[in-house]
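The values are calculated or read from the model by the stated rules, or taken from the named source; none is laboratory data. Here the structure is a predicted model, which means the values were calculated and not measured. When we count neighbours, we look across all protein chains shown, and the Cβ atoms used for this are built from the backbone with ideal geometry, even at glycine. Side chains included, ligands, DNA and RNA excluded: accessible areas come from the protein's heavy atoms. Shrake-Rupley method; radii C 1.70, N 1.55, O 1.52, S 1.80 Å.
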Amino acid sequence: MSKDRLQAIRGMNDVLPPESAVWSHLEQSARKVLHAAGFREARTPIVEVTALFARGVGETTDVVEKEMYTFADRDGTSLSLRPEGTASCVRAYVEHAVHKAEPITRWYYAGPMYRHERPQKGRYRQFHQIGLEAFGSDDPMLDAEVVALLDAIVRQAGIERYELRLSSVGCNEADCRPAYRARLIALLEARKGELCEDCQRRVERNPLRVFDCKQPGCIQVAKTLPRPLEGICARCLQHFDGVRRYLDAATIGYLVDSSIVRGLDYYTRTAFEIHGTGPELGSQNALGGGGRYDGLVEALGGPAVTGVGFAVGVERLVMALGPGAAERLAPRADLFIVATADVPGARERAFSLAVTLRGQGLTVELDPRGGSFKSQMKRAGNVGARFVAILGAEELAAGNAALKNLETGTQEQVALDAIAAKLQSP
Ligand code: AMP
């Protein structure tokens, strides 16, 4: 066996205490927001056939072209780790004919995604998303509902400095995106020499990508082009106005950003992004994004059902909460039980008391090493316990504990079977 030290794969992180408390907080807070709007969880496999992502995300996207973890299964089938969540949700929606059971479907998901990108602060190869998909209506009210939920997830998590950006990328009718695309291709062909290699190669197949490109030459060219929002048809403009009306009615703040394209191919009409504006995030300040995808269900073999959704990156939300969040959100013990081996039977009593009180819903800690009274009191302070129950010889004989409030310093004798009620009273 190799003596090399075994390490996690580059770009794939361990999430350990105390930081894991921030993750739990974010997930719980997001679930609460989503449940309040009638969204229910969908859990799909992490591995899918590669063809799903090629068809569902788009063969000319960076994600599919360059970033997927793809491998051959034992029978030769090409499989990939999911790079995003929408394609899998749509596959499941079609496979289980969910549209037959309900006219509107509201699903959310949370879990790891995989993209072979160059790791840097805020950009990893395994990262985590919380996302939602809403199927069954193309009414702008549903778009607004989804945008409002993205805003609520970020706000409820405790992030204050962010910016919601909204646009429309149009539809596939001839007078909308196809006409705009043709205009764009002509303009880009004329300035092809100024574009990066990737954008040059994609002028014909995916000209909108230039708005997403970070190369200086491409940024310069993109500035001179008509923006995607400027190329949409009257019907899409009306739809976009509808989305804005609903958001305005609910006083949800947003900026119109006419250059949003989104990195994945399936978007139609509404497209939106949410960016952190605090100093914590650096260049990777996109917290999440999404949009409408009216042709995707059909493209993946399903009925003509429309959809809209988004995903937020959990790592980015953690970063946006800032460095103090872990300490602030760390779970605290209600009670720490102190018992030393000097008192016969005290450790057994402490153990059984801990089991009983935990069963009654309290968070209770013990020090399995035993050790001196002093060292156990110190440990109780270190874990931030609210109370300490001391099981000395006298207390044990009387069926009591000396219950000390570590916040106020007061101490009193309390019968062991009255501790739960005492700690749970406000
Ligand atoms: P996308 O699916 O590309 O629209 O990404 C949605 C969100 O997922 C982004 O706004 C980020 O917050 C997050 N995200 C995407 N890629 C990564 C990555 N490689 N590392 C960390 N977070 C990511």
Checked region 73-92 for anything more than 16 Å from the ligand (Cβ to nearest atom) and surrounded by 20 or more Cβ atoms within 10 Å (Cβ to Cβ); matches are R91
Spot the failing condition for F272; the list is (1) within 11 Å of the ligand (Cβ to nearest atom); (2) free of Cβ contacts under 8 Å to residues at least 60 places away in the same chain; (3) not β-branched (V, I, T), and only one is missed. (2)
Criterion (touching a residue at least 12 places away in the same chain (Cβ under 8 Å) and buried (at least 19 other Cβ atoms within 10 Å of the Cβ)) met by exactly one of R55, R40: R55
Could you figure out which of (1) modelled with pLDDT under 95; (2) open to solvent by 20 Å² or more (accessible area, probe 1.4 Å) isn't true of Y267? (2)
V64 versus (1) assigned to a loop (DSSP other than H, G, I, E, B); (2) in contact with a Gly (Cβ under 9 Å, 6 or more places away or on another chain); (3) within 23 Å of P119 (Cα to Cα): which is the lone unmet condition? (1)
Anything in region 99-122 that is more than 16 Å from the ligand (Cβ to nearest atom) and open to solvent by less than 20 Å² (accessible area, probe 1.4 Å)? List them, or say none. T105
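Residues being over 20 Å from A299 (Cβ atoms) and touching a strand residue (DSSP E or B) at 6+ places or on another chain (Cβ under 6 Å): count how many of those fall in region 85-108.
Residues of region 85-108 over 20 Å from A299 (Cβ atoms): 101-104, 106, 108.
With touching a strand residue (DSSP E or B) at 6+ places or on another chain (Cβ under 6 Å) added as a condition, the list becomes 106, 108.
Total meeting the criteria: 2.
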Select from region 6-22 the residues that are modelled with pLDDT of 95 or more and touching a Leu at 6+ places or on another chain (Cβ under 9 Å) and list them in ascending order. A21, V22
Residue list for region 306-328, restricted to those being open to solvent by 20 Å² or more (accessible area, probe 1.4 Å), away from the ligand (no atom under 16 Å from the Cβ) and in contact (Cβ under 8 Å) with a residue 60 or more places away in the chain: T306, E327
Of the conditions (1) away from the ligand (no atom under 12 Å from the Cβ); (2) open to solvent by 10 Å² or more (accessible area, probe 1.4 Å); (3) modelled with pLDDT of 95 or more, the single one that F127 does not satisfy is (1)
Looking at E189, E204, E194, which one is in contact (Cβ under 8 Å) with a residue 24 or more places away in the chain, surrounded by fewer than 21 Cβ atoms within 10 Å (Cβ to Cβ) and not aliphatic (A, V, I, L, M)? E194
Restricting attention to region 280-296, and to residues there that are surrounded by fewer than 23 Cβ atoms within 10 Å (Cβ to Cβ) and closer than 21 Å to E95 by Cβ, which single residue is modelled with the lowest pLDDT? G295
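For residues that are of a type in the set (G, A, S) and assigned to a helix (DSSP H, G or I), scanning just region 346-384, find the one that is most open to solvent (accessible area, probe 1.4 Å). Quick ask: steps written out before the conclusion?
Here is the first cut: in region 346-384, the ones of a type in the set (G, A, S) are 346, 350, 352, 354, 359, 361, 370-372, 375, 380-381, 384.
Now narrow it down to the ones that are assigned to a helix (DSSP H, G or I): 346, 350, 352, 354, 359, 375, 380-381.
Working: A346: 0, A350: 3, S352: 47, A354: 0, G359: 70, S375: 52, A380: 0, G381: 46 Å².
Filtering region 346-384 for residues that are of a type in the set (G, A, S) and assigned to a helix (DSSP H, G or I), the one most open to solvent (accessible area, probe 1.4 Å) comes out as G359.
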Of (1) of a type outside the set (S, T, Y); (2) within 21 Å of A271 (Cα to Cα); (3) at pLDDT below 95, G217 satisfies all except one. Which? (2)
Restricting to region 152-170, name every residue that is among the small types (G, A, S) and crowded, with 18+ Cβ neighbours inside 10 Å. A152, A157, S167, S168, G170
All positions within region 1-37 that are in contact (Cβ under 8 Å) with a residue 24 or more places away in the chain, of a type in the set (A, V, I, L, M) and within 16 Å of the ligand (Cβ to nearest atom): I9, M12, V22, L26, A30
Does at least one position in region 385-395 carry a residue that is part of a strand (DSSP E or B) and under 39 Å from the mean Cα position of the chain (by Cα)? yes
Among the residues of region 130-151 satisfying the criterion of being closer than 30 Å to R328 by Cβ and open to solvent by less than 20 Å² (accessible area, probe 1.4 Å), which is nearest to the ligand (Cβ to nearest atom)? G131
